[in-house]
Amino acid sequence: MLAGPKTIASIPAFARGDRELVVVRSSMDPEDTLERFAGRVVFVGGGPAVWSAYARFVSHWDITRLPYDGPADRWFDPFWVTAGGENAGNSHGG
């Protein structure tokens, strides 16, 4: 699983044993990072910065919608799904 540092830190110990967790940062090139996992299924987790960088490489989206209506520090831009991440992050729809 590729994700930002906050998401990786939030994964409990019991869920770490059988998977490789890799912290990605906005300064990293997504293509270079994904080349390290050629031929493998890679999951991408995190927030807007990660999804914006990796959206064009995602072939399947599992989007969880929570029954919550309050302040939040994460959002999902539907443009990532429909346009493969091109210019993603320019709107903050949620």
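Residue count for region 51-73 under the criterion of being at pLDDT below 80 and either surrounded by 12 or more Cβ atoms within 10 Å (Cβ to Cβ) or in contact with a Pro (Cβ under 6 Å, 6 or more places away or on another chain) (or both): the result is 0.
Scanning region 12-28 for residues that are within 14 Å of the chain's Cα centre (by Cα) and not hydroxyl-bearing (Ser, Thr, Tyr) turns up Leu21, Val22, Val23, Val24, Arg25, Met28. Among the criteria (1) outside any helix (DSSP H, G or I); (2) farther than 15 Å from Trp80 by Cα, the one Glu31 does not fulfil is (1).
Within region 34-56, the set of residues being out of contact with any Lys or Arg (no Cβ under 6 Å at 6 or more places or on another chain), under 19 Å from Pro5 (Cβ atoms) and not in a helix (DSSP H, G or I) comprises Arg36, Phe37, Val42, Phe43, Val44, Gly45, Gly46.
Take region 5-28 and flag every residue that is surrounded by fewer than 16 Cβ atoms within 10 Å (Cβ to Cβ) and assigned to a helix (DSSP H, G or I). Selection gives Pro5, Lys6, Ala9, Ser10, Ala13, Phe14, Ala15.
The values are calculated or read from the model by the stated rules, or taken from the named source; none is laboratory data. On a predicted model such as this, the values are computed, not experimentally measured, just so you know. FYI the Cβ positions are ideal-geometry reconstructions off the backbone, even for glycines, and counts take in every protein chain you see.
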